[in-house]
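Okay, structure first, notes after.
The values are calculated or read from the model by the stated rules, or taken from the named source; none is laboratory data. Please read all numbers here as calculations on a predicted model, not as lab measurements. Note that we place each Cβ from the backbone using ideal geometry, even for glycine, and neighbour counts take in every protein chain shown. When the accessible area is computed, the model is the full protein with side chains, heavy atoms only, and any ligands, DNA or RNA have been set aside. Shrake-Rupley method; radii C 1.70, N 1.55, O 1.52, S 1.80 Å.
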Amino acid sequence: MGDDRITFAAVSEDTGSEYAFWLDCPPAGTGPPRHIHSREEEGFYLLHGKLELKAGGIHTTVGDGTFFAAPRGIPHEWCNVGEDSAELLTFTTPGGNEGFFLELGAPGDEPPGERGKLPIKEINARTPRYGVTYVESGPDAPTRPLPIGEGRGPTLVLPDEGDRRYAAGATYNIKAAGLATADAYTVTEITLEPGGGMPGHRHARYEELFYVMEGNATALIDGEEYEASAGAVVLVPWGVQHQVRNRTDQTVRLFDLTVPGGIEEYYRAACRPSAGPDSDPDGDLNRLTAAGRQFGIQVGTDQGSPD
């Protein structure tokens, strides 16, 4: 997109149109004009960098590890105010909005080029099919939500915040769910301690994506084993058996997206509030299995184990 390099890891064709997911690497001083989505919920996780965010009543600068939820109907914009390029995980649900970038952008792996000069009016001539409207940034830019966004607002989750749960060597830190996302998605930061992991299971309704933020994970997906290092993306369609383990002596950190929302209630029902002083892997597995029956999650290791 001219001054911005975007790498798509999942588009609508990959996810049954449930979501799209990409890595955005904006150079210093760049960012999108203020815009409003009429049908998508959008989320951002700042892997690295310094962003100035403007949305609803929020106007602040954030750093590494911040999550930001932009509901549909809420005008928002951001700018990289750091000295170097930032790295920003971005997704929309449902999918489809990625078509805007694919239409206006150019394919290739080259570094970002000159900043785009296309006027807002000409951009908006291409956007109706993608459910987004761009407006001029500045002090007079619109701040009121569309009617579909009335009563809602953006959600900002700082690095140390979230609802943490623990089971079988894995910590699930729920970053956004429920009212914050209109039940459209759940974002969880999952930390796997050495030897820890998620048992083999399958979902009856959730599309899932893992982005490896740190370490080296072993994923077993539908009987196929993969080594996923930092920067790798793993897509798991609903109904597919999967398992993720940490075989190393270093921590593994995952960004986890599930669509639609709701899986957070499974974590709350099945996991302990903290690791506690005593390990209880058998008890953890029993709770994960029993609670899974209430949420359409079948826990079992019938496809084998990467251990």
* Asked: Mind checking whether some residue in the range 141-154 is open to solvent by 20 Å² or more (accessible area, probe 1.4 Å) and part of a strand (DSSP E or B)?
  -> no
* Structure fact -> Log entry, pairs with first residue in the range 113-139 being modelled with pLDDT of 75 or more and acidic (Asp, Glu), second being surrounded by 12 or more Cβ atoms within 10 Å (Cβ to Cβ) and part of a loop (DSSP other than H, G, I, E, B), beta carbons closer than 7 Å, six or more apart or on different chains, reads Glu136/Pro33
* **Out of Gly261, Gly231, Gly239, sole residue that is touching a helix residue (DSSP H, G or I) at 6+ places or on another chain (Cβ under 6 Å), of a type outside the set (D, E, K, R) and not in a strand (DSSP E or B)** => Gly261
* So is Arg253 touching a Gly at 6+ places or on another chain (Cβ under 9 Å), outside any loop (DSSP other than H, G, I, E, B) and of a type in the set (D, E, K, R) or not? -> yes
* Across the range 178-207, what is the total count of residues that are without any contact (Cβ under 8 Å) to a residue 60 or more places away in the chain and either of a type in the set (A, V, I, L, M, F, W, C) or surrounded by fewer than 20 Cβ atoms within 10 Å (Cβ to Cβ) (or both)? -> 5
* To do: Being open to solvent by 30 Å² or more (accessible area, probe 1.4 Å) and of a type in the set (S, T, N, Q) narrows it down to one of Gln243, Gln298, so name that one.
  => Gln298
* Residue that is modelled with the highest pLDDT, among those in the range 261-289 that are open to solvent by less than 50 Å² (accessible area, probe 1.4 Å) and farther than 22 Å from Gly162 by Cβ -> Thr289
* Structure fact -> Scanning the range 172-208 for residues that are of a type in the set (Gly, Ala, Ser) and either closer than 22 Å to Arg272 by Cα or touching a helix residue (DSSP H, G or I) at 6+ places or on another chain (Cβ under 7 Å) (or both) gives Ala176, Ala177, Gly178, Gly195, Gly196, Gly197, Gly200
* Asked: Would you say Tyr211 is within 24 Å of Glu42 (Cα to Cα), touching a helix residue (DSSP H, G or I) at 6+ places or on another chain (Cβ under 7 Å) and either of a type outside the set (Lys, Arg) or surrounded by fewer than 18 Cβ atoms within 10 Å (Cβ to Cβ) (or both)?
  -> no
* Taking Ala170 and the conditions (1) modelled with pLDDT of 95 or more; (2) surrounded by fewer than 18 Cβ atoms within 10 Å (Cβ to Cβ); (3) not basic (Lys, Arg), which numbered condition does it fall short on, given that it satisfies the others? -> (2)
* Of all strands (runs of 3 or more DSSP E) completely enclosed by the range 33-96, which ones contain at least 3 residues that are open to solvent by less than 40 Å² (accessible area, probe 1.4 Å)? -> 35-37, 41-48, 51-55, 67-70, 76-80, 87-93
* Structure fact -> Pairing a residue in the range 99-112 that is in contact (Cβ under 8 Å) with a residue 24 or more places away in the chain with any residue that is part of a helix (DSSP H, G or I), where Cβ atoms lie under 7 Å and the two sit 6 or more apart in sequence or on different chains, gives Gly99/Tyr130; Phe100/Tyr130
* Taking only pairs six or more apart or across chains, which ones have beta-carbon atoms under 6 Å, a first residue in the range 272-284 that is under 18 Å from Thr191 (Cα atoms), and a second residue that is part of a loop (DSSP other than H, G, I, E, B)? -> Pro281/Ala168; Asp284/Ala168
